[in-house]
Structure formats: structure tokens, C-alpha cells
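To start, the structure itself, in C-alpha cells.
The values are calculated or read from the model by the stated rules, or taken from the named source; none is laboratory data. Note that the structure is a prediction, hence the values are computed from the model and not measured. In this analysis, Cβ positions are derived from the backbone assuming ideal geometry, glycine residues included, and neighbour counts consider all displayed protein chains.
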Amino acid sequence: MTDVISALRLLTRLKNKSVHLGVTGSVACYKAIELMRALLHAGMRVSATLTPAAREFVTPLLFESLGAFPVYADIFRDGDVFAHLEPGQNADAFFVVPASANTLAKMAQGLAMDMLSAQYVAFDGPVLAAPSMNVRMWNHPATQNNVKILKERGVAVIEPDSGSLACGTSGKGRLASLQHLFLHALRAVAPSDMQGQRVMVTLGPTREPWDGVRFWSNPSSGLMGSCLAMASWIRGAEVTAVAGPGVPEELLPSDLPGLVRINAFTAQDMFEKAAGVWPESTLGMFCAAVADFSPVPFGDKKFKKADHQDGFSVQFTANRDILSTLAGERHGRQKTLGFAAETAGSMDELLSLARLKCERKGADIIAANCVNQPGSGFAAPTNSMAVACADGRGEIWPTLSKADVAWDLCTWLLQA
């Protein structure tokens with residue numbers, strides 16, 4: 001599982017939330033179908049309205065066949081005289097994707113001349129718009145002024161990407177990536193209870209070099225830490241993620257507004273970068289699988305097997321404990337969450353280990369998982385957790401998706 005959409009599709013904490021999609025006349029409107037399917041896979045409800053121009057590219061039947069309900073077209077031909085009010089009564093968020101220059105203009109002026117624009121004017125919840133158009137249309141002062149007006153009214157505008165356009169030119173105008181659209185949709189329907197929090201997450205492995213080509217490491221994929229970072233961002237936090245080597249961009253996007261990715265390599269490198277971020281953070285989530293020891297380097301050349309036919313020994317030195325060091329430097333209301341990868345024989349034993357580590361590390365919460373248990377640990381999409389809190393609370397959690405584990409740990413940390 002190497003992309004954030006696959007990971008967050010397993011999030012059940014937003015199940016049954018509802019998003020209404022407004023699809024307009026852009027060649028990119030087929031991508032709204034991909035967004036719809038991602039939201040449906042996450043257990044959400046999706047309805048849609050297709051403008052007349054959009055229906056030149058795709059049909060209402062296609063959206064209905066793939067699971068959207070209801071799907072609207074013409075304001076006077078759908079049989080319900082109050083259909084323009086329905087999204088405002090039932091949807092948790094209204095997402096115009098793709099948003100053409102024409103539709104942006106109608107939204108900015110408050111016109112209600114077709115089904116989609118009337119539904120927008122009658123909607124008082126979170127609204128998002130993802131423009132897609134020719135670069136000259138996007139750069140036109142009228143379009144830019146309309147975007148400015150919408151932003152000032154609180155509409156979340158997911159600006160287009162730059163690149164090759166359907167007309168053969170290049171520039172800014174491509175619909176934002178499915179990854180960004182999906183994450184913004186989740187953020188629109190989620191509680192914003194982490195707004196104002198500045199979250200630091202460490203994630204992934206570290207690599208401790210030994211010779212010019214070899215290193216000491218572990219199989220951490222960064223999935224658990226990515227879920228923590230994204231759950232925090234979805235709930236409104238500003239996030240800085242210190243990521244170890246090998247964590248793919250698709251799992252932790254670096255170009256998401258409000259999320260900063262800092263790459264680290266060794267344990268010492270991760271410590272220094274986390275220490276630089278920590279003083280300005282309010283919550284610290286120490287999820288990285290940091291190497292406890294580093295081999296004493298052989299050198300920058302490749303170690304030759306032919307020179308050591310009878311074997312050899314490697315000496316190790318201890319690395320600094322990032323969690324306990326930074327937890328000891330807390331100020332004000334800073335809170336810390338640490339992870340413990342264990343090989344316990346039972347969940348009760350795991351909880352005992354988590355309690356001991358919580359006290360020893362000086363953390364507010366320790367979340368422990370059995371890496372020797374199937375479906376829990378490195379690279380698995382799920383985790384079975386024992387969670388211990390400094391205030392004495394402790395729970396054993398059944399096997400959950402890492403997305404759900406991250407969501408619930410965020411809640412625990414807010415309450416610690």
C-alpha cells in the first residue's frame with residue numbers, strides 16, 4: 001500500500017458522510033468519476049449534478065451506474081421542484097469539480113440560472129471548487145477576480161496544476177491531482193477539532209551507513225506515520241512530517257497546503273531535524289522506526305568479501321532516543337505520542353510493555369503493536385494496538401486499519 005488514497009479508503013471514521021459533486025463542462029470532468037469512486041470506497045455517500053456542458057462529455061447514467069445518488073441534470077426536468085434545495089439539506093460538503101470559468105463566474109456573482117448554480121446558492125455548508133481550464137482563461141483578470149471573491153467567502157479553491165493541457169498548450173490549468181481532490185473532500189466533511197494545532201510527525205525507517213553501499217535499517221514503510229500525518233491534516237492541523245528514506249511521495253505528499261515534508265536519513269539526521277521543528281509544535285507523534293544502534297562505519301568504500309573469508313565482526317554504538325529527549329524538553333502544553341514495535345506473546349503483555357515504556361520515555365501516550373503478529377506491524381494495512389496513557393488509562397484495541405488507528409490516536413492525544 002504505497003499511496004495515500006489506498007490507505008485512507010480504509011478510514012471508517014467518516015463513513016456515511018455525504019459529498020455533493022457539481023460537474024461542469026471541462027474535458028477533465030471524467031476525473032470527477034475517479035473522485036466519486038474513491039469517496040464511495042471510503043464508505044461515503046455521493047450525489048451529483050451535471051451541467052448541460054458537462055453532459056456533452058459524460059452522462060448522468062454513468063454516475064448513477066457507479067453509485068452516485070441522486071444525480072441531477074436540468075432544473076425544470078427532474079420532476080422535483082425543490083431539487084435545487086436537496087444538497088443543502090443532506091450533503092456535508094459541496095464540491096464543484098472540475099469548475100469551469102463560466103461556473104466560477106456564476107458562483108462569484110450568486111447567479112442561480114441552472115440546477116448547479118441554484119444548488120450552490122442554497123448551500124450553507126463547506127464548499128470546494130477545483131478549477132480546470134485553458135491557461136489563458138485561468139489567467140484572465142475576470143477569472144482571477146472571481147477566484148478571489150470565492151476565497152474571501154470561504155470557498156476552498158484547489159488551484160489547478162501546471163502542465164500539458166488538452167488544447168495542446170502548456171501552463172496552469174490542469175485539474176488538481178486525484179490525491180489532492182480526495183484529501184480536500186475528506187477535510188471538508190471531517191471535524192476541525194485539530195485546527196490551531198501544529199503537529200510534528202516522525203515516520204518511516206532510518207538508515208545507518210556501514211560501508212559505501214550497505215546500511216543497517218528495518219522494513220518500516222512509513223504507512224502508520226503517514227496515516228497520522230494525514231488524519232491530523234484532515235482534522236485541520238498544520239503538519240510537519242519528518243520522513244525517513246524510502247517513504248514514497250504518493251504516501252506523504254509534499255505539495256499539500258498546510259503539510260510540510262522534511263526528509264531525513266540517519267537517526268542523528270532525524271533527531272536534528274525533529275529537534276528543529278519541535279519547539280514550535282504543539283503535538284509530537286513519534287512514529288518513526290528509528291535505529292537504536294548504528295554500526296561503526298567501515299568506510300566509504302565497499303567492504304570486500306574476499307578479504308574476510310573467515311567472517312568478521314561489526315561494532316555498534318547507541319543512537320540518541322528522539323522521543324525521550326524531546327519529551328524531556330517539552331514546554332507549555334506540548335503533548336507527545338510514541339510508538340513501540342514489540343514481539344509480545346499476548347495483548348495483555350503488550351499493554352504492560354506499553355505502560356513501562358510510557359513511564360520510561362516520559363511520553364503522554366505510548367501506542368504499542370506486535371510486529372510478530374500477522375496483520376500488525378511493518379507494511380501491513382492494519383494494526384492491533386495496546387495503548388497506554390501517562391494518566392493511567394490503558395486499552396487493547398482490536399485489529400483496525402492504520403487509518404482508523406491514526407484517527408483514534410489523534411483523539412486520545414487531544415484528550416491527554
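Considering only segment 120-141, I want to know if a residue exists there that is within 21 Å of LEU50 (Cβ to Cβ), among the small types (Gly, Ala, Ser), in contact (Cβ under 8 Å) with a residue 40 or more places away in the chain and assigned to a helix (DSSP H, G or I). No - not one qualifying residue is present in segment 120-141. The residues in segment 380-409 that are farther than 20 Å from ALA344 by Cβ and touching a helix residue (DSSP H, G or I) at 6+ places or on another chain (Cβ under 7 Å) can be counted, and the count is 5. Taken over segment 315-335, the criterion of being modelled with pLDDT under 90 and more than 30 Å from ALA416 (Cβ to Cβ) is satisfied by no residue.
In summary, GLY338 fulfils each of the numbered conditions (1) more than 22 Å from SER221 (Cα to Cα); (2) at pLDDT 95 or above with the single exception of condition (1). The C-beta contact set for segment 36-52 (first residue within 20 Å of ALA190 (Cβ to Cβ) and in contact (Cβ under 8 Å) with a residue 12 or more places away in the chain, second residue assigned to a strand (DSSP E or B) and of a type in the set (Ser, Thr, Tyr), distance under 8 angstrom, 6+ apart or interchain) comprises MET44/SER18; ARG45/SER18; VAL46/SER18; SER47/SER18; SER47/TYR72.
Can you give me the ranges of the strands (runs of 3 or more DSSP E) entirely in segment 232-314 with at least 3 residues that are within 23 Å of the chain's Cα centre (by Cα) and in the same structural domain as ARG207 (by TED's automatic domain parsing)? In segment 232-314, the matching strands (runs of 3 or more DSSP E) lie at 238-243, 259-263, 283-286.
Okay, residues lined up against (1) among the polar types (S, T, N, Q); (2) over 18 Å from LYS17 (Cα atoms):
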residue: ALA38; (1), (2): no, no
residue: ALA48; (1), (2): no, no
residue: SER100; (1), (2): yes, yes
residue: LEU111; (1), (2): no, yes
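Note on segment 398-412: residues that are modelled with pLDDT of 95 or more and β-branched (Val, Ile, Thr) total 2.
Consider segment 395-416. How many of its residues are outside any helix (DSSP H, G or I) and closer than 13 Å to ALA367 by Cβ?
At the first step, the residues of segment 395-416 found to be outside any helix (DSSP H, G or I) are 395-401, 416.
Checking which are closer than 13 Å to ALA367 by Cβ leaves us with 395-397, 400, 416.
Residues in segment 395-416 being outside any helix (DSSP H, G or I) and closer than 13 Å to ALA367 by Cβ: 5 in total.
Take the conditions (1) surrounded by fewer than 20 Cβ atoms within 10 Å (Cβ to Cβ); (2) more than 24 Å from ARG187 (Cβ to Cβ); ASN90 misses just one of them, which is (2).
The single residue among SER384, SER376 that is under 22 Å from the mean Cα position of the chain (by Cα), without any contact (Cβ under 8 Å) to a residue 24 or more places away in the chain and under 25 Å from SER217 (Cα atoms) turns out to be SER376. Considering segment 198-253, and only residues there that are farther than 17 Å from ALA274 by Cβ and of a type in the set (D, E, K, R), the residue that is surrounded by the most Cβ atoms within 10 Å (Cβ to Cβ) turns out to be ARG235. The criterion of being touching a residue at least 12 places away in the same chain (Cβ under 8 Å) and crowded, with 23+ Cβ neighbours inside 10 Å does not hold for LEU256.
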